[in-house]
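Step one of this worksheet: look at the structure below.
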Amino acid sequence: MRVCNFSAGPTTLSEDVLKEIQKGLVEYENTGMSVLEMSHRSQPYYDIHDEFLALMRELLNINDDYEILVMQGGASAQFDAIPANFLHSDKDKADYIVTGHFSNKAWLAAKNIYKGTKCIASTTDTGYTTIPDFKKLKFTKNAKYVHITSNNTVYGCQYKEFPKTEAPLVCDMSSDIASYDVDYSQFDLVYAGLQKNLGSAGGAAVIIKKDLLKNINPKCPITFRYDEQARAKSILNTPPTFTIFVAMMNLRNLKKLGGVKAIEKVNKEKAALLYDFLDNSKLFKNRVEKKYRSIMNVPFFSPSKEMDQKFIQEASKKGFVNLAGYSVAGGMRVSIYNNMKLEPVKKLVEFMKDFEVKNK
Ligand SMILES: *Cc1c(COP(=O)(O)O)cnc(C)c1O
């Protein structure tokens, strides 16, 4: 029996989509072979690849000023790729805003190699429970880009609007891409690991303004280069073909469900159920400043580590799994990405109510 999987990533997929994928596993359509066995330079694979990119463009409403790429190494490889593409020397500057675990990792990856990078704001001292006041931000003059992370997957806070920057705005949207209707033209580069809202593990989508492709550092390692990937339509070398197939099938399903606006409605409903319960709970607390609460990742804490463990264990026995918070954060976390349906969240809230009554 399939459980209610609240994993933060890789995430639960739709059972219908999994069954469709299963069909393609042994013999894909009339090709006589598995998607796993197909040449990445054959027409059936090109069709899958192109449909994935076309669905990204259609569902996210990305205009022709942008190139959409799919690259390997997950979102973390983009932490390395971004400075490597845009910073040509130590004189080139870039700003980072640190609002959580992964934005800190992006900053550390850049800072480690590139002297011109600067962390211009951090919410570390709040325990990553808020987003900085944009009015107080002091951007570096002539920076090559400003890096932000739209949703804090570990601590559960989320930008509700985005700063207007002179420098190109680069946004890690790994944990909230395609989850709500947002104007992607306010960014110059958006990237996201495929294993949360887009599909399964093994790659990252990169949405990049074509203008940025004109000034790539020629010393950037070739497989990381956005201009080379764009020229090769993201088939510079063998792409993660099966991962892209899964993502394509998942996006087909998102389209069938009514697209991003329709899923946003469900996502907000799921989040509201959890936050309403937490706000009225005497046992559990969410620590994030209310206006920045994430609609994708909802962390909460009981009064003690022992109680947290008890909750996680009892929930797991009922088929609610992957509810432990991220190792460095502790507590619990419910991840409610696009493929988590409303019904399991309702059932989880019922379980939480029941647990609270029994553990007063
Ligand atoms: C999950 C996540 C990452 C890391 O993704 P990988 O594909 O494992 O490298 C980076 N950023 C954010 C915001 C994430 O949620």
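The values are calculated or read from the model by the stated rules, or taken from the named source; none is laboratory data. All of these numbers come straight from a predicted model, not from anything done at the bench. Don't worry about glycine lacking a Cβ; one is built from the backbone with ideal geometry, like all the others, and counts go over all protein chains shown.
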In this structure, does ASN85 turn out to be over 23 Å from ASN197 (Cβ atoms) and in a loop (DSSP other than H, G, I, E, B)?
-> no
Consider TYR145 carefully, then state whether it is under 18 Å from the mean Cα position of the chain (by Cα) and modelled with pLDDT of 95 or more.
-> no
When MET248 is evaluated against the numbered criteria (1) in contact (Cβ under 8 Å) with a residue 60 or more places away in the chain; (2) outside any helix (DSSP H, G or I); (3) of a type outside the set (Lys, Arg), which criterion, by number, is the only one it fails?
-> (2)
Name the pairs whose Cβ atoms lie under 8 Å apart, with the first residue in segment 101-116 and among the charged types (D, E, K, R), the second away from the ligand (no atom under 14 Å from the Cβ), and 6 or more positions between them or separate chains?
-> LYS111/THR117; LYS111/CYS119; LYS115/ASP90
Return a yes/no flag: does segment 120-128 have any residue that is away from the ligand (no atom under 16 Å from the Cβ), in a loop (DSSP other than H, G, I, E, B), farther than 24 Å from MET340 by Cα and touching a residue at least 24 places away in the same chain (Cβ under 8 Å).
-> yes
Segment 183-215, residues that are among the hydrophobic types (A, V, I, L, M, F, W, C), near the ligand (Cβ under 10 Å from one of its atoms) and crowded, with 23+ Cβ neighbours inside 10 Å | ALA192, LEU194, ALA204
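Quick one: count up the residues across segment 1-12 that are within 16 Å of the ligand (Cβ to nearest atom) and hydrophobic (A, V, I, L, M, F, W, C). Show your work before the answer.
Pass one, segment 1-12, residues within 16 Å of the ligand (Cβ to nearest atom): 5-12.
Imposing the further condition that a residue be hydrophobic (A, V, I, L, M, F, W, C) reduces the set to 6, 8.
Of the residues in segment 1-12, 2 are within 16 Å of the ligand (Cβ to nearest atom) and hydrophobic (A, V, I, L, M, F, W, C).
Return the only residue of LYS270, LYS265, LYS255 being modelled with pLDDT of 95 or more, crowded, with 22+ Cβ neighbours inside 10 Å and more than 22 Å from MET33 (Cβ to Cβ). Before you say what the answer is, go through the steps one by one.
Details: LYS265 fails: crowded, with 22+ Cβ neighbours inside 10 Å; LYS255 fails: crowded, with 22+ Cβ neighbours inside 10 Å.
Of the residues listed, the single one that is modelled with pLDDT of 95 or more, crowded, with 22+ Cβ neighbours inside 10 Å and more than 22 Å from MET33 (Cβ to Cβ) is LYS270.
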From the residues in segment 34-77 that are in a loop (DSSP other than H, G, I, E, B) and farther than 21 Å from ASN237 by Cβ, which one is nearest to the ligand (Cβ to nearest atom)?
-> ILE62
Taking segment 82-101 on its own, how many of its residues are over 20 Å from GLU161 (Cβ atoms) and within 16 Å of the ligand (Cβ to nearest atom)?
-> 4
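Given the criteria surrounded by 16 or more Cβ atoms within 10 Å (Cβ to Cβ), over 21 Å from PRO83 (Cβ atoms) and out of contact with any helix residue (DSSP H, G or I) (no Cβ under 6 Å at 6 or more places or on another chain), does TYR180 qualify?
Working: surrounded by 16 or more Cβ atoms within 10 Å (Cβ to Cβ): yes; over 21 Å from PRO83 (Cβ atoms): yes; out of contact with any helix residue (DSSP H, G or I) (no Cβ under 6 Å at 6 or more places or on another chain): no.
The answer is no for TYR180.
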Of (1) buried (at least 19 other Cβ atoms within 10 Å of the Cβ); (2) under 23 Å from ASN286 (Cα atoms); (3) of a type outside the set (Ser, Thr, Tyr), ALA143 satisfies all except one. Which?
-> (2)
Output for Cβ contacts, cut-off 6 Å, separation at least six or different chains, first residue within 13 Å of LEU189 (Cβ to Cβ) and within 11 Å of the ligand (Cβ to nearest atom) in segment 152-174, second part of a loop (DSSP other than H, G, I, E, B) and of a type in the set (Gly, Ala, Ser), reads CYS171/SER150; MET173/SER150
